[in-house]
Amino acid sequence: MDKILRVKMGSKPEYAVEELGDYAGLGGRALTTKVVYKEVPPLCHPLGPENKLAIAPGMMSGSAAAISGRISVGCKSPLTGGIKESNAGGQAAQVMARLGYAAIILEGESPEGKLYTLVVKKDEISLVEASDITGLNNYDAVEKLVAKYGDKAAYMSIGTAGERKLAASSIACTDVELRPTRHCGRGGVGAVMASKGIKAVVLDDAGCSMRQPVNADAFKAANKLFVQGIKAHGVSGQGLPAYGTNVLSNVINEAGGFPTNNFSKGQFPNVHKISGETQAETEIARGGKATHGCHRGCVIQCSGTYVDKDGNYLTKQPEYETVWAHGPNCGIDDLDAIAMMDRMDDDFGLDTIEMGATIAVAMEAGLAKFGDADAAIKLLQEVGDGTPLGRILGSGAAVTAKTYGIERAPVVKGQAMPAYDPRPIQGIGVTYATTPQGADHTAGYAIATNILKVGGFVDPLKPQGQVELSRNLQIATAAIDSTGMCLFIAFPILDQPETFNAFVDLINAFFGLSMTADDVTALGKSVLTMERDFNKAAGFTKEDDRLPMYFKREKLEPHNAIFDVTDEELDQVFNW
Amino acid sequence: MQRIEKGSCDGIFLSSVLQQGVFVEFLPGETVASFIRRVLSLDAEGVQREVQTLILNNGCVDDPETTELVSGDTLVLSGAMPGLVGAMLRSDSPIKAMRKSMSSGEDRRLVLEGRLLRLKLFNTVLSDHKNDLLKLGFFIEDET
């Protein structure tokens, strides 16, 4: 990955292949963040020509390193108004990395509103008018692209939600079966891609080879130990492969932190009907798959295939956040309806978390009753149809709440909260409040803090503040997001020192480095510092690092908890 | 209540009722840890390896060896969970401070006669140990 493809859209679209320059040695979130920080005016309109969309595979993507297939997309977000990094699995990261590109940067604006397909091959780059797929949703668009460009390429695309520049729109990445099921979902990145005039990116690595490590023997040995550790661990080797991320529903519900009916309750009575256990049994009984990888090289296999009652493919296995958002958060206990909405989100190109939260707000506003799955599907169809109501809903939970005069909008910086109520689980509330990304459960996810000693060792025998933990978690996550590794590696790393050592050895052997924990800390801090500085220049203040006031006022059963971390404590998260 | 034992139900029914909760007898003075060892036929190492998430009356159990069971308790047994929240819910998690506002839940016990608790099994604990529960026998509410 020794070059950058810069695509300048305008009256005469053009492109240039550049050297890495200041971006050398970076990947994933670190790279997209630096591009946005250095090149995007913080006060620009997110859909204006000054904004840029940076697409970057992780530092390890395209190599033989296991689970290294995450791709990051960065820009100024039309949903939050701040900096955004959104990442996804699928095949795009591996293919783009093998093509040798550390980043593709889209800039300028759509010429006369036209959309183009950017085709990137080993020795050929072209911009093709996308009139054949304009107006199509992701499944149909990808089918046409595959017919034209073949089944060996990887595809990134936007659906009609992106074309309409809706703030909840996503960018789809194709999976191993060439289905558009893996999404850079958060923050409205699909709208920014549309504003650049790009409908799809075709990545074809025919003739390219796998990225080779500097120290092949050490890399091979470390990768073997890394894979062994992942497979040996209870979470990454058993729970996730068997049940997917929806394995969480039962447990989070039992802990009283499962947001129900638009965050008005902490438990959902019919959770067993939509749990990961029931979902896996349903998939297997119907002839689907409960264990499947989202990209080649994944050894966790936390995904699956959801088929309908007749055994026909409907969607990939809905993830925990999706099941929660379209299920219990809307009072819905019908797995088939939830799977249908997952399919619709993927097809229209929408963030499932944002759309589930938005429909719940709409239900609270009286547009439908909690628990009415048919009505929820109809509301989502409004977005797909581009009706005036659909455009409001497709702009996210905050806009919908404002439109209908609803206080209970579970958002931070305009972005909807994921599937953990921050009142009983306050530590995640600190991350929701303070991450530069807007409410995001993955922003403080990398729980290897003690082993990495990122931000200082936290003594497990002493209760530590929520703030200190959130800080360390956010630093570690920012660093791992830059490697292209799936965050689920955090569990074997947390519990198995030998797996952590293998992970570090893997990176060092690949690049010929001697990276230390201090280097990891420095990388994570630098990413977060750039993100914070960008947001500050865009007009954000410490008052934006807050949860909505009702989380401090409305008690949540069964723990009768409110969010009581003080504003002063929240302001200490980034005090390095 | 209806007693369920080996041969009296099918797998899908079993999975569903064990997720929703079944009623199981516990012994006098039995702790969470000793109950798990007895009911799931595990040694201490097996419990540590297989049952890393323990929830009692909606609160986390960080000291299962000394936490005594009380009639009407609801006990949840689960493997280790993914995600940050999954990690913080683990028994004696190094990041347990992040869930400090979760209450212990003594006031959420059910009113049950005798030494009965409601037991829920999730995920890998459910798939690996449902037959242990069948062998032991348990009760479900009549309307289930």
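Read the figures in this text as sums done on the coordinates, not as results from a lab. Given the structure is predicted, the values throughout are model-derived calculations rather than measurements. Every residue, glycine among them, receives a Cβ derived from its backbone with ideal geometry; neighbour counts consider all protein chains shown.
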Gain in length, A:S131 to A:Q212, computed as 0.36 nm per residue apart minus the alpha-carbon separation, to one decimal in nm? 25.3 nm
Simple spin-label model, 7 Å along Cα-to-Cβ: B:S104 to A:E554 in nm? 3.0 nm
Whether segment B:62-144 is rounded, prolate or oblate, judged on the alpha carbon gyration tensor where a/c under 1.5 counts as rounded: oblate
Alpha carbons only, please: Rg and Dmax for segment A:477-557, in angstrom. 17.9, 53
Just the number, please: percent antiparallel of the DSSP beta bridges in the protein assembly as shown, rounded to the nearest 5. 75 percent
For the pair B:A44 and A:A221, the simple spin-label estimate (label points 7 Å beyond Cα toward Cβ) gives in nm 3.6 nm
Using only DSSP helix segments of four residues or longer, with each worth -39500 (n - 2.57), what per-residue ellipticity at 222 nm results for chain B after dividing by its residue count and rounding to 500? -9500 deg cm²/dmol
Once the principal axes of the Cα atoms of segment A:426-570 are found, what is the range along each, listed largest first in whole angstroms? 52, 38, 24
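Quote to one decimal, in nm, the extra length available between A:N270 and A:E39 on full extension: 0.36 nm per residue of separation minus the C-alpha distance between them.
Taking A:N270 through A:E39 to full extension adds about 78.3 nm, to one decimal.
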Simple SL model, points at 7 angstrom along Cα→Cβ for B:D92 and A:D22; separation in nm is 5.0 nm
Mind checking which lysines have their Cα closer than 22 Å to the Cα of A:K152? Skip sequence neighbours fewer than 8 apart in that chain. A:K121, A:K122, A:K144, A:K199, A:K316
What does the charge count near A:G28 come to, summing +1 for each Lys or Arg and -1 for each Asp or Glu among other residues with Cβ under 13 Å from its Cβ? +1
CD proxy, 222 nm, chain A: helix-only mean residue ellipticity via -39,500 (n - 2.57) per DSSP H run with n ≥ 4, per residue, nearest 500, stands at -11500 deg cm²/dmol
Which residue, chosen from A:T315, A:I55, A:F574, occupies the Cα position most advanced towards the positive end of the dipole of chain A, where the dipole is computed from +1 (Lys, Arg) and -1 (Asp, Glu) charges on Cβ about the Cα centre? A:I55
In whole angstrom, note down how far apart the Cα centers of segment A:182-205 and segment A:341-388 are. 22 Å
What translational D, rounded to a whole number of µm²/s, comes out for chain A from Stokes-Einstein when the hydrodynamic radius is the Kirkwood one over Cα pairs, at 10 °C and 1.306 mPa s? 68 µm²/s
From the backbone phi of segment A:30-42, what are the Karplus-calculated ³J(HN,Hα) couplings (6.51 cos²θ - 1.76 cosθ + 1.60, θ = phi - 60°) in whole Hz, Gly and Pro given as x? 4, 6, 5, 5, 5, 4, 5, 4, 7, 10, 9, x, x
With +1 assigned to the C-beta of every Lys and Arg and -1 to the C-beta of every Asp and Glu, and no other charges, what is the dipole magnitude of the protein assembly as shown about the Cα centre in debye, to the nearest 20? 1080 debye
Compare the Cα positions of A:G188, A:L556, A:S126 along the charge dipole of chain A (+1 at Cβ of Lys, Arg; -1 at Cβ of Asp, Glu; about the Cα centre) and return the one farthest towards the positive end. A:S126
Rounded if a/c is under 1.5, else prolate if a/b is larger than b/c, else oblate: which is segment B:2-139, with a ≥ b ≥ c the root eigenvalues of its Cα gyration tensor? prolate
How many Cβ atoms of partner chains, on average, are near each residue of A:230-242 if near means within 10 Å of its Cβ? 4
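Sort segment A:240-409 into rounded, prolate or oblate with this rule: let a ≥ b ≥ c be the square roots of the eigenvalues of the Cα gyration tensor; rounded if a/c is under 1.5, and if a/c is not under 1.5, prolate when a/b is larger than b/c, oblate otherwise. Write out the running numbers ahead of the final one.
Values: a/c = 1.97, a/b = 1.48, b/c = 1.33.
Since a/c reaches 1.5 and a/b is larger than b/c, the shape of segment A:240-409 is classed as prolate.
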Mind scanning A:K3/A:K224; A:K555/B:K120; A:K224/A:K289; A:K52/A:K165; A:K273/B:K96; A:K84/A:K413 and naming the pairs with a C-alpha gap bigger than 18 Å? A:K3/A:K224; A:K555/B:K120; A:K224/A:K289; A:K273/B:K96
Taking every pair of distinct Cα atoms and averaging 1/r, then inverting, what Kirkwood hydrodynamic radius in Å comes out for segment A:3-203? 16.1 Å
Residues other than B:K130 with Cβ under 14 Å of its Cβ, Lys/Arg counted +1 and Asp/Glu -1, net out at -4
Along the positive direction of the dipole of the protein assembly as shown (beta-carbon charges: Lys, Arg +1; Asp, Glu -1; about the Cα centre), which of B:S71, A:G427, A:L335 reaches farthest? A:G427
With θ taken as phi - 60° and the coefficients 6.51, -1.76 and 1.60, list the Karplus ³J(HN,Hα) couplings across segment B:9-17 in order, rounded to whole Hz; mark glycine and proline as x. 7, 9, x, 5, 4, 4, 4, 5, 6
Part-to-part distance (alpha-carbon centres) for segment A:396-430 and segment B:97-144, which is given in Å: 32 Å
Please list, in chain and number order, the residues 5+ apart from A:E129 or on another chain whose amide H is under 5 Å from its amide H, with Hs placed from the backbone. A:T117
Compute the helix-to-body angle for B:123-136: its Cα long axis versus the longest principal axis of chain B, expressed 0 to 90° and rounded to tens. 40 degrees
